[in-house]
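The values are calculated or read from the model by the stated rules, or taken from the named source; none is laboratory data. This structure is a prediction, so every number in the text was calculated from the model and none was measured. No Cβ is skipped: glycine too gets one built from the backbone with ideal geometry, and neighbour counts run over all protein chains shown. Keep in mind that these areas ignore ligands, DNA and RNA; they rest on the heavy atoms of the full protein, side chains included. Shrake-Rupley method; radii C 1.70, N 1.55, O 1.52, S 1.80 Å.
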Amino acid sequence: MTERILIVDDERNLRESLSEALSQAGYEVLTAANGKEAYSIIQEQELDLLLCDWRMPEMDGAALLNLLREEGRLVDLPTLVITAHGTSNNAIDAIQLGAYDFVTKPFDLDDVLITIRRVLDHSALQKEVTQLRQQVAQVSPRAGEIIGSSAAIVNVFKEIGRVAKTNSTVLIMGESGTGKELVAKAIHQHSDRRNGPFIVVNCAALPENLIESELFGYEKGAFTGALNRKAGKFESAQGGTIFLDEIGELPLQMQPRLLRVLQEHAFERLGGTQSIAVDFRVIAATNRDLEEEVTAGQFRNDLYFRLSVVPIYIPSLRDRRSDILPLAEHFLHTYSEQHGLRPTGFTEDAILKLQRYPFLGNVRELEHVVERAVLRAGGRAITSDLVAIEETAAAENPKESGLIKLLNLPYHESVQAWERLLVDRALKQANGNKAEAARLLGIHRRLLYEKLGAEIH
């Protein structure tokens, strides 16, 4: 379909020369001598591009663009401003009113033709993005809501639903950046404690010499500088939930006292003798394998079992690739709004690039990638070149290299090793529930028991 361009300029010779050049380049051309004529044409015709002079009689370029912007027409009508008045103020005003670019007279015709082609190509990308967004049809989630519809994340939703109304201690496991705090907040918000406080403690961020006073508080005079009594995090969690993030970083010498608090729901402030009873629920999270830490003597076995009454495993983004696009769309809208930019979308090549990338930093890494792309795009469609990740990084994915090792094994050993990996992953996603793991694998429960039995023997 031939692209239609409207030239608006009060100089007749310029209109005619530009019209001839654009017609020879294969475009359909309409002309107008001022903004008023142009506005009438825009009301009646479907256009692909507006070439608009800045200073004109009756209605100038600024007035025309302002009118079109108020009516919301500039969203679908890319505009290129051409003028002899190339001051910085004019350039800034034109861009702020919604013009794509600004060209000063006298200009090189070939340069203008290249710019026009670039504007039209970008407009086509914008339309492609709009269609893709309509296909995704992703309803914008509420702030803090966990996003995704993959089988792996739906299983997490089920676990949240099962445990939220109880007072059981929950241990959330998963790689860094998978959204463990979001899951903890979801459990709290769906519990009977939702109106109580949600206290977050990052165990990795607390200096070792301050952990005890931060968790349990202190009495006046307990140490130098303790001028007043201070309540600790557990005391502040009265009637609510305390979230112990990065629990695997808690020093070994502090673990017995934490175990006692979990068992008794009572403690003494530092420097105090009075036992304080507090009603709280504990949710902990870690990116470490605490079973390995227990074996290595870095984590108490009894504390591990006390924390992991209900274990929930958060899958990596690599294990829920179908959630990458809705997550990226969510971050696109969030950061476009935050930075005052018009949210557009991702082109097909950008989506493909995101979905191929391993995201070893998981959802947090995806969020940072999208924020950078939003800033670089400046309100335009996000194309592949704006997504600042290296596609070759996929080759560095440890899971990929593990697959290559499997392929180098003899046939039967390779098949057995691959089955073990699949079974282990399914069990982890199902939090040890064999029936659920069999469902995730798509096999009968009896077959799963047989494979597990074979491993034991």
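Worth a mention:
One line per residue, one yes/no per condition, for (1) among the charged types (D, E, K, R); (2) free of Cβ contacts under 8 Å to residues at least 60 places away in the same chain; (3) at positive phi; (4) in contact with a Phe, Trp or Tyr (Cβ under 9 Å, 6 or more places away or on another chain):
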position: Asn195; (1), (2), (3), (4): no, yes, no, no
position: Leu206; (1), (2), (3), (4): no, yes, no, no
position: Ile211; (1), (2), (3), (4): no, yes, no, no
position: Gly221; (1), (2), (3), (4): no, yes, yes, no
position: Gly232; (1), (2), (3), (4): no, yes, no, yes
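- Residue satisfying condition, being assigned to a strand (DSSP E or B) and either touching an Asp or Glu at 6+ places or on another chain (Cβ under 7 Å) or over 18 Å from Arg300 (Cβ atoms) (or both), within set Ala186, Ala222, Ala285: Ala285
- Failed item in (1) open to solvent by 10 Å² or more (accessible area, probe 1.4 Å); (2) within 8 Å of the chain's Cα centre (by Cα); (3) under 25 Å from Ala124 (Cβ atoms), with His368 passing the rest: (3)
- Residue match in region 351-358 (condition: at pLDDT 90 or above, surrounded by 19 or more Cβ atoms within 10 Å (Cβ to Cβ), part of a loop (DSSP other than H, G, I, E, B) and under 13 Å from the mean Cα position of the chain (by Cα)): no
Every residue, every condition in (1) open to solvent by 40 Å² or more (accessible area, probe 1.4 Å); (2) more than 22 Å from Leu252 (Cβ to Cβ), yes or no:
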site	(1), (2)
Phe198	yes, yes
Asn202	yes, no
Leu210	yes, no
Phe216	no, no
Ala226	no, yes
Arg229	yes, yes
Ser236	yes, yes
Gly239	no, yes
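- Whichever residue in region 280-330 is of a type in the set (S, T, N, Q) and more than 24 Å from Pro251 (Cα to Cα) and, among such residues, is most open to solvent (accessible area, probe 1.4 Å): Ser322
- Per-region count, region 30-63, residues acidic (Asp, Glu) and in a loop (DSSP other than H, G, I, E, B): 4
- Of all residues in region 64-81, one or more are assigned to a helix (DSSP H, G or I) and in contact with a strand residue (DSSP E or B) (Cβ under 7 Å, 6 or more places away or on another chain).
- Residue match in region 20-32 (condition: touching a helix residue (DSSP H, G or I) at 6+ places or on another chain (Cβ under 7 Å), open to solvent by 10 Å² or more (accessible area, probe 1.4 Å), farther than 20 Å from Gln126 by Cα and acidic (Asp, Glu)): no
- If only residues of region 65-94 that are among the β-branched types (Val, Ile, Thr) and at pLDDT 75 or above are counted, the one that is farthest from the chain's Cα centre (by Cα) is Ile82.
- In region 106-135, the residues that are at pLDDT below 80 never reach a residue that is open to solvent by 80 Å² or more (accessible area, probe 1.4 Å) and of a type outside the set (A, V, I, L, M) with C-beta atoms less than 6 angstrom apart, at least six apart or across chains.
- Verdict on Ile404 being of a type in the set (A, V, I, L, M, F, W, C), assigned to a helix (DSSP H, G or I) and either at pLDDT 75 or above or open to solvent by 80 Å² or more (accessible area, probe 1.4 Å) (or both): yes
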